[in-house]
Amino acid sequence: MKRTSTYYIRLILIILVAFFYVFPFLWMIANSFMSDKNILSVPPKIIPDLLFSKNAFSNYKSVLVQYNFGRYTFNSIWVCTLAALGQIIVCSLAGFALALMHFRGKNITFSLLLLTLMIPVQVTIIPEYYIFMKLGWMDTYLPLLIPSFLAGAFGTFMLKEFFSQVPRPLFDAGIIDGVNSYQMFLRIYLPQAISPLATLFIIAFMNNWNDLLRPMLYISKRDLYLVTVALSQFQNQYGVRWNLLLAGSVLSVIPLIVVFAFSQRYIIESTMSSGIKG
Amino acid sequence: MTQTPFRWHRRITPWIFILPTVIGLLIFRLIPIFSSFYLSFTEWNLLRKAQFIGLGNYVEMMKSREFLMTLTNTLQFSLVYVVGSMALGLALAVLIDVQIKGISLYRAAIYLPVVTSAVAVGIVWNWILGPTYGIVSNIFESLGLTAPYWLSDPKLALNTVASLQVWKMSGYYMIIFLAGLQAINKDVLESARIDGANAFQSFFRITLPMLMSTFFFVLTITIIDSFKNFELIYAMTKGGPQNASNTLVYDVYLNAFVFYRVGYASAIAYILLVFVGLLTILNFFIKKYFVYSLD
Amino acid sequence: MLILVISLVGLLFAGGAAEKKSGEINLEWWTWDADMLESNKQIIAQFEKENPGVSITNTIIPTTEYWTKIRIQANQNKLPDVFTMSSGYIEEWAKEGLVYNLDSFVEKDDTFDYFYKAIFDTSKEISAADHYYSIPFALVTTVLYYNKDAFDKAGVAYPTDDWTWDDFRSAAKKLTVDTNVDGKIDQWGFTFTGRYAEIEPWVYANNGNFVDRSTMRFNPDKNALDALKMLTNLVLVDKVAPPQKDMSTFKLEEVFYGEVAAMWVDGSWLTDSFRRNIGDDFRWGFVRIPTGPSNKRVTYGWPDSYALAPNTKHPEMAWKFARYVAGEGIGLDLYMAGKIPSAKALAESPEFVDPAVQPGLDMLKLIELAASPMTTSYTMGWSEWRGYGGSDSLGLNGMIDAIINGQMSFDEAMKKGSEGINTVLSRYYK
C-alpha cells in the first residue's frame, strides 16, 4: 500500500485516540507513586516523586498490607477462578445439548436464555437477595458462585455456535464407533473446544472480577472482601488519600490487564464473531 | 438449527446436560421476575414481613417529583449512551480498519477500558475531573477559563457519567463494527473507487448500507447496555447531586438497600423492565422498517 | 474431570468455614469504626484471657453498609450477640422488638455503680420506650476545632466559650488567606457541608429546632433558620468558606488536618483521627460551638450504644461482654478519643484529660458538655430525610449543599426540601 499523507494522518489520529484511552491508566499509575505531600499540590505535579526515591513502592506496600489488599486480591482470584470454571462446565454442557441434541422445549430454553441477557440485574436482584438470605448464605462466597455453576447465557450461546460449526465427519465417526452421548461430548467435541473454552474462562473471570453489586450486597466480613468492593469502600473508610486509593485501583486493574494482554486476540476475535452472527 | 437430522441419544440425556441451566434459569431468572412483581405491591423494610399495599407504590411513583426526574434521567442517559456509543464505535472502527504495523496494539489500547472495572474507572476519572486538584481543572485554569464542575453540577453530572460510560465501552462496539466492516466485500469498494467515487460517497452509499445488520445488532446491544450504569454511578456520584444523576437502575439499589423500601424498589425495578422492553420492541420495529424500506 | 473435582472442592470451601470449637461460647460482635480494628483485637484478647471458654468474633462494617447488613441479620434472626446501636435507629428497633430488653440486667446488678445513670436514661428517652434497650458506651457531642498556629499567624485570639457568631465570623474573615497571592484562597477560615454533624450544632447552639416534635414534621423555627442563614452566608456573602463542590476531592475532616481550613465543626470523636493524623504538625484545640443571637443554647449530642440480639443464645455472657466493651473492662487507650465514656472510671480518670496530648485541657470541655442538656434531630427514617450514609447527596444534606453551591436559592431549597422531608416523615409518623 502506498504510504500517502492520508496514511500518516490516520496513523497520528489513531495514536492520539489510543492515547486518550490509555491516558487515565497512565495517570493512575503515575499518581500512585506520589507521596502524601505531593499528591495534593496545585498545580499537580507530573513527576511521581516516590518512583525515584528509596521507598518507591511504599504506597503499594501500604495498600497491600495495612489495607489488606493482598488478601482481597487473593479472594478475588479464588472466587473468579472458581466462577469461571463453573461457567465452562455448565455452558459447554448446555451449548452441546442445544447444538446437537433433540428435545422438546429446546427452542423455549434457548429463547429464554437469550432473553435473560436483556434483563438488567436490578430486576431480579431483590428476590435473589432474599433467597440467599433465607438460605443463610450471607457472608459466604456461595451467592457469588452458585449462579455461575448453574447457567450462563453468553457462554452457552458462544459454545452452541461453536459446537454447531464442528465438522460433521467427526460426529459421524462417533456414531459409527457407537459412542454414547457423554463420550461424544467428552471425547470428541470437548477437546475441539479448547479455544472457545479458554476464551469463555477469561471472559467469565473478567466479568466476575469487575462485579460490584453482588459482592457488595452479600459480603460484610472484611476478610472475605473482593477487590472491587474493597476499592469502593476505601473512599468511605480511610479518607480519600488519593495516592493510596489510586495504588489500590492499579492493583485491582493489573491482574486483568495481564490476563487481557495475553488473551486479547481471543477476546477481541470472539467479540467480532459474535458481531457477525448478530 | 441442529446439525444432526436424527435423534442419536436417549430421550432423557439432553435434559441431564441442560439441567443446571434450567435450574439456574428457574431460580435466578423466572422466579425472581415473578416475585419482584409480587413485591412491587407490598411494603417491606426487611425487618418484618412484607405487607400488601396494592397499587400504593405505583401511585407514589406517579406523584413523586424525584421519580419523574429519575425517569427522564434514565431516558437521557440511554439516549446519550446509545447515540454516543454507536457514533464513536463506528468512527473508531473506520479509523482502525487499516493495516498498519502495531494496529493490534492500538486496538487493544482502545479496548482496555472495556475490561477494567467501573469502580477503578470511576475513581480515576473522579481524580482527573476533580475540582482544584484534577488535571482537567488545571488545564482549564492555565488557559484562563473556569473549569466546570463536571460531577458536582446538577446540570452536568448525568451527561458526564454517561459520556464516561461511552468512553469506557466504545472499544467493545468498535470491535463489532470492525468485524462488520471487514466482512464487506472489498471488491465492491474497489470498483466504486475505479468508477471515481470519493471516500465520503463510497462510505455512505456502499459501506453504510452493507453495515445495516451489524448496525442494528449494535443498536440492540447498546440499548441493553445503557442500563448497566450502576457501578459507575456508585463510584462517582451516588445518584447526586440531589438526584441529578440518579437513574432507574441506581434508584432500585438506593431504595432497596439504602432506604430499606424493598416494595417500592421492586416497583421501580418493574418500571425499569417495562422501559427495557419498550425500547427493545421499538428497536425491533425500527429494524423491520429499515430493512423493509431498503429492500 | 479434573476441573470438575477442583470446582466441587472449591465450592465446599466457599461456604465460609467458621470453625467453631465445641463447648465454647461464641459471641458475634459487630461494630462500624474501621479505625478501631486493632484496638478491638486487643480488647477481645483481653476479654478472652479473663474469660476462658469464650471466643469473640468482631466484624467491622463501614457505616454506609452497616445498617443494610444488620437488617439482613435481623431478618434471618441471626443478629450478632452484641452490636453497635445508634441513637438514630434505636426507636425503630425497640419498636420492632429487635433488641434485647435489658431491664433485668440493669436493675439487678451493679450497672449504675460503673456507668452514669443519666446517660442510660438519655438513651432510653431517645428510644421512646419504657425499657432499657441499649447500653451506651459513650456520649458524643460536637465541637469547634481550630488550628492554633493559623490563629497565631493571623493574629486572632483563640475562641472561647463566650464567642458569639459575630466573633466567629470576624475571626473566619481574618483567617481566610491567600498566602501566595495568586487569586486563589489557600486557607479558608471555615469549611462545612450540609452534613448533620456540621449543621445541627449551630441550630441547637441557637436553641433552634428542625423538627416540630408535636406534629413530627419538618418545620424549622426562626432560630434554626437564622442558623442556616448565617452558615450559608459564610459561603455566599462573607466568602470565608468554600462551596461544598470545591472541597469534594477531600474526605470531610481532611480539610482540617490538611490545613486547608482553620476551623472545623464536627463530632468530638474526630479527636482520635486528629491525634493520629496531625500528630505534632500543628497545634490545635476545640471549644464548644459559639452561641447564637438567641442567647440560649442546647448541646447537640447523643449516646452511642451497644445492643444485644433479642434471641441471643448467651444473654449473660453477652451482657458481660457488652459492659466490658462499653467501658468497664477497657482502658482509655483502647477507647476512641473524643467520645465521652459512659463508664465513670474512664471519664473521671486522669488520662482522659492528658495535658501532654493534644488537645490537652480542652478535653475537660467534653465532660462539661456531657453534663449539659442535650438534644438531637433523630426520628424514624432519619437517614433518608437527613441525607446520611449511602444517600448523602440527597435529603436535607443535599439541599444545604445546593444552597452553598449556588444551585438553589435559600428559600427555594427550604421549600423543596421541606416537601421532600415531610413526605418521608409522613410515611413513618402518620
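The values are calculated or read from the model by the stated rules, or taken from the named source; none is laboratory data. On a predicted model such as this, the values are computed, not experimentally measured, just so you know. Methodologically, a virtual Cβ is constructed for each residue, glycine included, from the backbone with ideal geometry; neighbour enumeration extends over all protein chains shown. Remember, those area values only see protein heavy atoms, side chains included, never the ligands or the DNA or RNA. Shrake-Rupley method; radii C 1.70, N 1.55, O 1.52, S 1.80 Å.
List of remarks:
- Test: residue in the stretch C:353-360 that is in a helix (DSSP H, G or I), more than 23 Å from C:Trp93 (Cβ to Cβ), without any contact (Cβ under 8 Å) to a residue 24 or more places away in the chain and in contact with a Leu (Cβ under 7 Å, 6 or more places away or on another chain): no
- Residue within the stretch C:71-85 that is free of Cβ contacts under 8 Å to residues at least 12 places away in the same chain, open to solvent by less than 10 Å² (accessible area, probe 1.4 Å), assigned by TED's automatic domain parsing to the domain that holds C:Thr31 and not aliphatic (A, V, I, L, M) present: yes
- Subset of the stretch C:53-70 (residues that are of a type in the set (S, T, N, Q) and either not assigned by TED's automatic domain parsing to the domain that holds C:Trp30 or not in a strand (DSSP E or B) (or both)): C:Thr63, C:Thr64, C:Thr68
- Residue pairs meeting the criteria (Cβ under 7 Å; at least 6 apart or on separate chains; first more than 7 Å from every other protein chain (Cβ to nearest Cβ) and of a type in the set (Phe, Trp, Tyr), in the stretch A:134-148; second outside any loop (DSSP other than H, G, I, E, B) and crowded, with 21+ Cβ neighbours inside 10 Å): A:Trp137/A:Pro143
- Test: residue in the stretch C:87-105 that is open to solvent by less than 40 Å² (accessible area, probe 1.4 Å), in the same structural domain as C:Ala343 (by TED's automatic domain parsing) and in a strand (DSSP E or B): no
Conditions (1) without any contact (Cβ under 8 Å) to a residue 12 or more places away in the chain; (2) surrounded by fewer than 23 Cβ atoms within 10 Å (Cβ to Cβ); (3) not hydrophobic (A, V, I, L, M, F, W, C), marked per residue:
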site: C:Asn311; (1), (2), (3): no, yes, yes
site: C:His314; (1), (2), (3): no, yes, yes
site: C:Met317; (1), (2), (3): no, yes, no
site: C:Tyr324; (1), (2), (3): no, yes, yes
site: C:Gly327; (1), (2), (3): no, no, yes
site: C:Ile330; (1), (2), (3): no, yes, no
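- Test: residue in the stretch B:59-70 that is in contact with a Leu (Cβ under 8 Å, 6 or more places away or on another chain) and either among the hydroxyl-bearing types (Ser, Thr, Tyr) or open to solvent by 20 Å² or more (accessible area, probe 1.4 Å) (or both): yes
- Test result for C:Met230, closer than 22 Å to C:Ser123 by Cβ and in the same structural domain as C:Asn397 (by TED's automatic domain parsing): no
- Note on the stretch C:194-235: among residues that are surrounded by 23 or more Cβ atoms within 10 Å (Cβ to Cβ) and of a type in the set (Ser, Thr, Tyr), the one that is modelled with the highest pLDDT is C:Tyr204.
- Restricting C:Tyr132, C:Tyr66 to those that are touching a residue at least 12 places away in the same chain (Cβ under 8 Å), within 23 Å of the chain's Cα centre (by Cα) and crowded, with 22+ Cβ neighbours inside 10 Å reduces the list to C:Tyr132.
- Index of the failed condition, B:Pro148 passing every other in (1) within 14 Å of chain C (Cβ to nearest Cβ); (2) modelled with pLDDT of 90 or more: (2)
One line per residue, one yes/no per condition, for (1) open to solvent by 20 Å² or more (accessible area, probe 1.4 Å); (2) outside the structural domain of C:Lys117 (by TED's automatic domain parsing); (3) among the small types (Gly, Ala, Ser); (4) farther than 22 Å from C:Tyr300 by Cβ:
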position: C:Met336; (1), (2), (3), (4): no, no, no, no
position: C:Glu348; (1), (2), (3), (4): yes, no, no, yes
position: C:Phe352; (1), (2), (3), (4): no, no, no, no
position: C:Pro355; (1), (2), (3), (4): yes, no, no, yes
position: C:Leu369; (1), (2), (3), (4): no, no, no, no
position: C:Leu396; (1), (2), (3), (4): no, yes, no, no
position: C:Asn405; (1), (2), (3), (4): no, yes, no, yes
position: C:Met408; (1), (2), (3), (4): yes, yes, no, yes
position: C:Asp411; (1), (2), (3), (4): yes, yes, no, yes
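- Every condition in (1) within 14 Å of another protein chain (Cβ to nearest Cβ); (2) open to solvent by 40 Å² or more (accessible area, probe 1.4 Å) is met by C:Ser170 except one, and the failing one is (1).
- The stretch B:119-130 - residue that is within 21 Å of the chain's Cα centre (by Cα) and within 7 Å of chain A (Cβ to nearest Cβ) and, of those, nearest to B:Leu232 (Cα to Cα): B:Val119
- Residue identified as free of Cβ contacts under 8 Å to residues at least 24 places away in the same chain, facing chain A (nearest Cβ under 9 Å) and either of a type in the set (Ser, Thr, Tyr) or over 21 Å from A:Leu13 (Cα atoms) (or both) among B:Tyr133, B:Tyr172, B:Tyr111: B:Tyr133
- Matching entry among A:Leu114, A:Leu93, A:Leu98 (being within 29 Å of A:Pro255 (Cβ to Cβ), touching a residue at least 12 places away in the same chain (Cβ under 8 Å) and either within 14 Å of chain C (Cβ to nearest Cβ) or assigned to a helix (DSSP H, G or I) (or both)): A:Leu93
- Residue that is open to solvent by 20 Å² or more (accessible area, probe 1.4 Å) and at pLDDT 85 or above, where the choices are A:Phe52, A:Phe96, A:Phe74: A:Phe74
- Unique match (being surrounded by fewer than 20 Cβ atoms within 10 Å (Cβ to Cβ), at the interface with chain B (Cβ under 8 Å from one of its Cβ atoms), without any contact (Cβ under 8 Å) to a residue 40 or more places away in the chain and over 30 Å from A:Phe157 (Cα atoms)) among A:Ile15, A:Ile47, A:Ile9: A:Ile15
- Taken over the stretch B:198-232, residues that are acidic (Asp, Glu) and either within 10 Å of the chain's Cα centre (by Cα) or part of a loop (DSSP other than H, G, I, E, B) (or both) amount to 1.
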